[in-house]
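Values quoted throughout were computed directly from the atomic coordinates according to the rules given, and no laboratory measurement underlies them. Just so we're clear, the structure is a prediction, and the values are computed from it rather than from any experiment. Every residue, glycine among them, receives a Cβ derived from its backbone with ideal geometry; neighbour counts consider all protein chains shown.
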């Protein structure tokens, strides 16, 4: 069975996967804060899914228990849908979360060499009951191979120290580590070893 390219019909399942797999993630906890966390993690996951379906690609595993959200250098055109999405995020999450999200976004952009096309792993998650079965690897490896073949570097960040060695085994290296009082963000890249011209989504 192969991974499936997700679309809007998969949104609810994608949100479920992210909420379930990131409930204890240090970065999500830092961005959202303790107040109304269970409610706000849903809105954060919904925002990520909607944004990535609009300007990137989302893949869901064949069993529907794992998902990966990929973005690139592609920018969304300003539209009513984009404005509404961001206003909804502001209304549901509150200014402190929005401020922390923008801070993380600024850090992410500062660590990406955007002179060339690239891929960015916005999120990858597996339902807790299915973790440890290689589902994340099965989602990650085909995209990494395609990135290598098309001449793209691949970027990500993680606030979970356990993930760093996992990504190192997939060819990523540490760019930088940034302390944000409560958490430490590790920025990583898998550099393309070929010189092929990359294509955009």
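Using only Cα positions of the range 4-190, each an equal point scatterer, no hydration layer, compute I(q)/I(0) via Debye at q = 0.16 Å⁻¹ and quote the log10 values to two decimals.
So the normalised log intensities work out to -1.08.
Evaluate E = 1/(1 + (r/R0)^6) for residue 55 and residue 194, where r is the Cβ-Cβ distance and R0 equals 22 Å; express this FRET efficiency to the nearest 0.05.
According to the calculation, E is roughly 0.30.
Taking the chain as a Gaussian network, where each spring joins two C-alpha atoms under 10 Å apart, which residue of 41, 174, 166 fluctuates the most?
Comparing 41, 174, 166 in a Gaussian network model of the chain, the most mobile one is 166.
At 222 nm, what value in deg cm²/dmol follows for the chain if DSSP H runs of at least 4 each add -39500 (n - 2.57) and the sum is divided by all its residues, to the nearest 500?
My calculation for the chain gives -14500 deg cm²/dmol from helical runs alone.
Multiply the residue gap between residue 107 and residue 129 by 0.36 nm, knock off their C-alpha separation, and tell me the result in nm, one decimal place.
4.7 nm
Considering only DSSP beta bridges with both partners in the range 4-190, what is the antiparallel share in %, to the nearest 5?
90
To the nearest 0.05, how large is the calculated FRET efficiency for residue 88 and residue 34 if R₀ is 25 Å and r is the Cβ-Cβ distance? Working shown, then result.
Details: r = 22 Å, r/R0 = 0.88.
Efficiency computed from Cβ-Cβ geometry: 0.70.
Could you give the length gained by full extension between residue 80 and residue 177, i.e. 0.36 nm per residue of separation minus their alpha carbon distance, to one decimal place? Each step should come with its number before you reach the end.
On the way: separation 97, 0.36 × 97 = 34.92 nm, distance 3.64 nm.
Here the segment from residue 80 to residue 177 would lengthen by 31.3 nm.
Please give the Cα centre distance for the range 20-61 versus the range 101-150, rounded to the nearest Å.
14
How many times 2.2 N^0.38 Å is the alpha carbon radius of gyration of the range 38-86?
Expressed relative to 2.2 N^0.38 Å, the Cα Rg reads 1.27.
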